[in-house]
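Reviewing the structure listed below.
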There are 2 protein chains.
Amino acid sequence: MSAATIKDVAREAGVSVASVSRALNGGRGVTAETGQRIQDAAKRLRYVPHAAARMLITRRTNTVGALLPDLHGEFFSELIRGIDLAARARGLHLMVSSSHDDAADAAIALRAMQGRVDGLLVMTPHADADFLRQNLPQDLPTVLMNTRLTGADYCALSVDNDGGARQMVGHLLSLGRRRIAFIQGPPGNRDASEREQGYRQALASHAPDHPELTVRGDFTEESGFRCGQRLLAMQPRPDAVFAGNDMMAIGCLAAFRQAGVDVPGEIAVGGFDDVPMARYVIPALTTIQVHIAELGGQAMDLLGEQIDNPGNVPPGTRRHVGAELVVRASSGAPIA
Amino acid sequence: MSAATIKDVAREAGVSVASVSRALNGGRGVTAETGQRIQDAAKRLRYVPHAAARMLITRRTNTVGALLPDLHGEFFSELIRGIDLAARARGLHLMVSSSHDDAADAAIALRAMQGRVDGLLVMTPHADADFLRQNLPQDLPTVLMNTRLTGADYCALSVDNDGGARQMVGHLLSLGRRRIAFIQGPPGNRDASEREQGYRQALASHAPDHPELTVRGDFTEESGFRCGQRLLAMQPRPDAVFAGNDMMAIGCLAAFRQAGVDVPGEIAVGGFDDVPMARYVIPALTTIQVHIAELGGQAMDLLGEQIDNPGNVPPGTRRHVGAELVVRASSGAPIA
DNA sequence: AGCGCTTATGAAAACGATTACGTTGGCATT
DNA sequence: AATGCCAACGTAATCGTTTTCATAAGCGCT
């Protein structure tokens, strides 16, 4: 015996299928008494509406898709948590396709989602405008997360890298540091370049007489280590380092320790991301915390709005999620 | 203009819808020439079969669901990665519902998946047999991951906690440690109790004259810290500690450092899980590595087999994923 | 040429829901 | 008492596929 259909419920309750449908969704157009009889019958038969049949006629899947690159650890789990919670709050299901490292792969996944989702959350380094236009149906609500895409066609969410970087520089300046160096991320990386911008602008506006000092890393711990060594060799030495992300900051700390340079005594160090390890390194790392779950949640909310009333959300809408300074030992702030 | 349907393709190619369907799936029953014409037409119209319509008739969703508890960090991301990759290899989509902390919540999610998935991957602390039977249709292929459920009704995957624990104890014994203490996890936790079992049995079989020493933690770092202090107070002191997980081991290291006790000189320390931080603490933590991605992947494979040929996989099938000793500084092994 | 056999093709019946539309009956209004 | 209106309910069309069955055509064989 297979699962019960709406017909079975109708027969059981002695009404037509139309009444069952009405009673079960919204309940308008049926007497309270018949409604109750139908509810009872449905419960008795353990009736669950066939999702596919409903999708077919309503043209709604009540599902959203998330296309993600090869993410790791806390970032990934927090992102999914944020998305999942927001989706559930709207009664939407979440379909995930992750670990996409090349564009071809992502394209396939994108197409496979066609028709199975009401909207799409996309985070991928390969997403230039062409790629998206090529692989997305033009009328499918879509929200981009953290991409370098600047066109006005798609809605997007991004982290306030700029604001975070300004906070960090401001913090270091307020502690009396003068020669603040910045460790750049990989070229072309949007987060990296925005953080660098923030650094430059903060210096320019608050301390125009202080020099800009930059060395290039690639977000890895080793590159941070090497950059640390290069910074020590500078004459005169910087008295503070702001690394483009935490892993490079941690590499930097290792280089300084190896060289016997005291942190924060001789050099203050700051990072960006607040990875879990940041609080465990010695000295604990002052950094910028980003609420990743909020990033996912807000993206989901924006997508939900697009789905619920299409056309009501202007294409190209941007939202930002804030970043917040977390002061720990590595910047040498006086204990409050 | 809405998306093209099979009818549009049929008209475009000058054939019936039946031929289009045949040409596009498998391609048997049509001339090579007509087949080609149909393929062309489909491509020209950007035809994508309507998923819902197909589900309705074939009774297959080509989707599997994963119900997960509130997991964090590396564990979560690796698990999803494993599941996702294995699912994709089978052409299955993945629907995720995570962050379920209470049974009611999980039950709702479970029901919501009804009819939208061909199979289910379930990991939840609340999953006793009753709970599942109550909330799952009896004929839906299901694989449990890492649950304490021992009944023979459902297929399940689990980590070889026992084997891992034995390896760790064996390792410590081989280094000449005599008084090996174990830090227990939260009561009722399956992983925790299996690891404890492994510890007890390894001691019993390889060193029956050595004492069993246990203190109870709850898998958190703070509990590890407190347990570390209690272990130091013991007379005579243990010369090795095997913590039920890495976080407690790390807490333990902190307690020992604070007390000025040398690790591994005076006490060796071992953990379980190989969290990313394990290699960064000082001294780096000897621990047991579990291939979480493999856990997810194997679970998915088992589920896939169940879906493809139902009845061919005996209910109650168990599979294990191995655990492997990773030697670092904290256990004081001689450098090879 | 006529017979059967295979094979390509089309017509139409599912699948299970929603919903536009028609019908009925009860009630209030005139 | 006749009329109009509204709510409750049923009938049937519809969504886009797959698949069964019928039909026709091609082909080799006697």
Do you know which of the residues in region A:31-57 that are near DNA strand D (Cβ under 8 Å from one of its atoms) and touching a residue at least 12 places away in the same chain (Cβ under 8 Å) is nearest to the other protein chains (Cβ to nearest Cβ)?
A:Gly35
Checked pairs for region B:157-181, first under 21 Å from B:Arg230 (Cβ atoms), second assigned to a helix (DSSP H, G or I) and basic (Lys, Arg), C-beta under 7 Å and 6 or more apart or across chains, list as B:Ala165/B:Arg195
Output for region A:62-82, where each listed residue is under 13 Å from A:Ala293 (Cβ atoms) and within 9 Å of chain B (Cβ to nearest Cβ)
A:Glu74, A:Phe75, A:Phe76, A:Ser77, A:Glu78, A:Ile80, A:Arg81
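Results for (1) modelled with pLDDT of 90 or more; (2) surrounded by 18 or more Cβ atoms within 10 Å (Cβ to Cβ), shown as yes or no for each residue.
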position	(1), (2)
B:Thr61	yes, yes
B:Asp84	yes, yes
B:Gly91	yes, no
B:Val96	yes, yes
B:Ser99	no, yes
B:Ala103	no, no
B:Gly115	no, yes
B:Thr124	no, yes
B:Asp139	no, no
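Quick grid of which residues meet (1) more than 26 Å from B:Leu92 (Cα to Cα); (2) buried (at least 18 other Cβ atoms within 10 Å of the Cβ); (3) touching a strand residue (DSSP E or B) at 6+ places or on another chain (Cβ under 6 Å):
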site	(1), (2), (3)
B:Ala10	yes, yes, no
B:Ala18	no, no, no
B:Gly27	no, no, no
B:Thr31	yes, no, no
B:Tyr47	no, yes, no
B:His50	no, yes, no
What strands (runs of 3 or more DSSP E), lying completely within region A:229-314, carry at least 2 residues that are polar (S, T, N, Q)?
A:287-290
Pick out the one residue from A:Arg226, A:Arg257, A:Arg279 that is more than 18 Å from A:Leu172 (Cβ to Cβ), within 14 Å of another protein chain (Cβ to nearest Cβ), in contact (Cβ under 8 Å) with a residue 24 or more places away in the chain and of a type outside the set (A, V, I, L, M).
A:Arg279
List the residue pairs whose Cβ atoms are under 7 Å apart, where the first residue sits in region A:95-120 and is in contact (Cβ under 8 Å) with a residue 12 or more places away in the chain and within 7 Å of chain B (Cβ to nearest Cβ), the second is polar (S, T, N, Q) and part of a strand (DSSP E or B), and the two are 6 or more positions apart or on different chains.
A:Met95/A:Thr63; A:Arg116/A:Thr63
Going by the conditions given, is B:Ala18 within 8 Å of DNA strand C (Cβ to nearest atom) and assigned to a helix (DSSP H, G or I)?
yes
For region A:45-123, which fully contained helices (runs of 4 or more DSSP H) count at least 2 residues that are under 20 Å from B:Ile57 (Cα atoms) and within 16 Å of DNA strand C (Cβ to nearest atom)?
A:51-58
Here the residues within region A:4-30 that are more than 12 Å from DNA strand D (Cβ to nearest atom) and within 14 Å of chain B (Cβ to nearest Cβ) are A:Ala4, A:Thr5
Might you check whether a residue that is within 23 Å of B:Ile250 (Cβ to Cβ) and touching a residue at least 60 places away in the same chain (Cβ under 8 Å) occurs anywhere in region B:126-145?
no
Collect the residues in region B:269-291 that are hydrophobic (A, V, I, L, M, F, W, C), crowded, with 24+ Cβ neighbours inside 10 Å and either over 10 Å from B:Asp246 (Cβ atoms) or in contact with a strand residue (DSSP E or B) (Cβ under 6 Å, 6 or more places away or on another chain) (or both), keeping them in residue-number order.
B:Val269, B:Phe272, B:Ile288
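The values are calculated or read from the model by the stated rules, or taken from the named source; none is laboratory data. Computed from a prediction, not measured in an experiment: that's the story for all the values here. Please note: Cβ atoms are built from the backbone with ideal geometry, for glycine as well, and neighbour counts cover all protein chains shown.
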